[in-house]
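To keep things clear, I will list the structure first and then write my remarks on it.
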Amino acid sequence: MPMRWIILIVLFFARTVMALQFQSVAALSPFVMDSLAITLADIGVLIGLYMGPGIIVAVVGGAVATWFGDKRTVITSLILMVLGGLIVAGATTLGWAVAGRVMSGVGGVVINVLMTKLVIDWFAGRNVATALAIFISSWPVGIALGLLVLAPLATSGGLSLAWNVLTGLTVLALVLFAWVYRPPQSAVRAAVSIKMTALPWAPLICAALIWGLYNTAFAMVFGFGTLVLVERGFAFAAASSATSLYIIAGTIGIPIGGWLADRSGNGKLVVYASLWAGTVLFPVVLYIPDTYVVAALVIGGFMVGLAPGPVVALPSRILPVSARAFGTGVFYSIYYVQMMIAPALAGAIADRTGDVSVTFVIGSIMMLLAILSHVCFNRLASAPNAD
């Protein structure tokens, strides 16, 4: 097997473990609440803290990697994940759990940024959309594993068993990365000094807006979809099942979208088809007869899932090799800002209007704005025919 695919497997595994660690508090929430004598509100805080540092840490991590080196920065970040996980596992108070979640979250955010950059380094010009799509699909895989594995482990062997398994997987990710990863021969040593003005700011911001708007729109379904369907008259279990089918279909679509973008040489078409499908999906689900809702969610979820690979590949078209780490950090910082604000804003609007279905209208608008951002990106990018 070519080295770049072996490295992709290692990066996929590490990011899957990151998603598993993120999901662990939610998956083990009843056990954590009993162990620490805390409330659901505290569980919500612990969940949010993992991604909370992302707005600042994504840029800082990219800057540090420019000076310290990609591999050393990723290894340090994986060590932070291990240490943070150990602190959470051994926590006897909420304060210690908070400290552990922040520490592991900082590590997780940095590997999310830098491993994206490492995939681009190894696959730039050769199946980059496919590789990024496979890499991105590690997130839903990790979330699903968290839901399927951690609670049964805690039920059968106690909370400590679940934490021990998670810690072991995190250590394994650290060892595999340290042992296997090496930079490609074509890699260029990044300049120690970062010239802010040298970044292609306008197209980079457009690319980040596409990614953030796409993800926040996608989140409208798995965040509010069950409530929307219940409001339409679905039973709660049926509504939850239909929403999960949307997520599964989207997960299947992610690697296929990357493969189509690389094989067709027209990532732009794949992105537009996916975003337009998302724009149409939301109003369709609101107004079509109940009989067709599940089919619409499955088909729409698959179509929406085609976009991530070619979208995350956009920065590789505009960032010079020496600025990839820092530029990818900026890309993800803008993404984290949107992910922090948009769901809360949509929920507040739904509360104000008294109609949860407004979240789907907001999702459709976000997809439309992502299309406009993609138009702007292609006009601003220095290599408009690269995809």
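Phe234 meets all of the listed conditions (1) assigned to a helix (DSSP H, G or I); (2) surrounded by fewer than 21 Cβ atoms within 10 Å (Cβ to Cβ); (3) among the aromatic types (Phe, Trp, Tyr) but one, namely (1).
Looking only at the range 306-324, decide whether some residue is among the hydrophobic types (A, V, I, L, M, F, W, C), modelled with pLDDT under 90 and part of a helix (DSSP H, G or I). Give the derivation first.
Residues of the range 306-324 that are among the hydrophobic types (A, V, I, L, M, F, W, C), as a first pass: 306-307, 311-314, 318-319, 321, 323.
So of that shortlist, the ones also modelled with pLDDT under 90 come out as 319, 321, 323.
Okay, now just the ones that are also part of a helix (DSSP H, G or I), so 321, 323.
For the range 306-324, residues among the hydrophobic types (A, V, I, L, M, F, W, C), modelled with pLDDT under 90 and part of a helix (DSSP H, G or I): present.
Look at the range 64-77: where a residue is buried (at least 16 other Cβ atoms within 10 Å of the Cβ) and a partner is among the hydroxyl-bearing types (Ser, Thr, Tyr) and in a helix (DSSP H, G or I), sitting 6+ places away or on another chain with Cβ atoms under 6 Å, you get Val64/Thr73; Ala65/Thr73.
The residues on offer are Gly168, Gly146, and the sole one that is assigned to a helix (DSSP H, G or I), modelled with pLDDT of 90 or more and within 23 Å of the chain's Cα centre (by Cα) is Gly168. Criterion applied to Thr16, Thr39 was being of a type in the set (S, T, N, Q), surrounded by fewer than 18 Cβ atoms within 10 Å (Cβ to Cβ) and in the same structural domain as Gly85 (by TED's automatic domain parsing), and the one residue passing it is Thr39.
Test Gly212 against the stated conditions and say whether it is part of a helix (DSSP H, G or I), within 29 Å of Ser77 (Cβ to Cβ), at pLDDT 90 or above and in the same structural domain as Phe302 (by TED's automatic domain parsing). When the stated conditions are applied, Gly212 passes them.
Of note, Thr243 does not satisfy the criterion of being closer than 27 Å to Cys206 by Cα and in contact with a Ser or Thr (Cβ under 6 Å, 6 or more places away or on another chain). When Gly354, Gly327 are checked against the criterion of being in contact (Cβ under 8 Å) with a residue 24 or more places away in the chain and not hydrophobic (A, V, I, L, M, F, W, C), Gly327 stands alone in meeting it.
In the range 91-112, the condition of being modelled with pLDDT under 95 and either under 22 Å from Gly253 (Cα atoms) or outside the structural domain of Gly52 (by TED's automatic domain parsing) (or both) is met by at least one residue.
The values are calculated or read from the model by the stated rules, or taken from the named source; none is laboratory data. Note that the structure is predicted; figures quoted are calculated from it, not measured. When we count neighbours, we look across all protein chains shown, and the Cβ atoms used for this are built from the backbone with ideal geometry, even at glycine.
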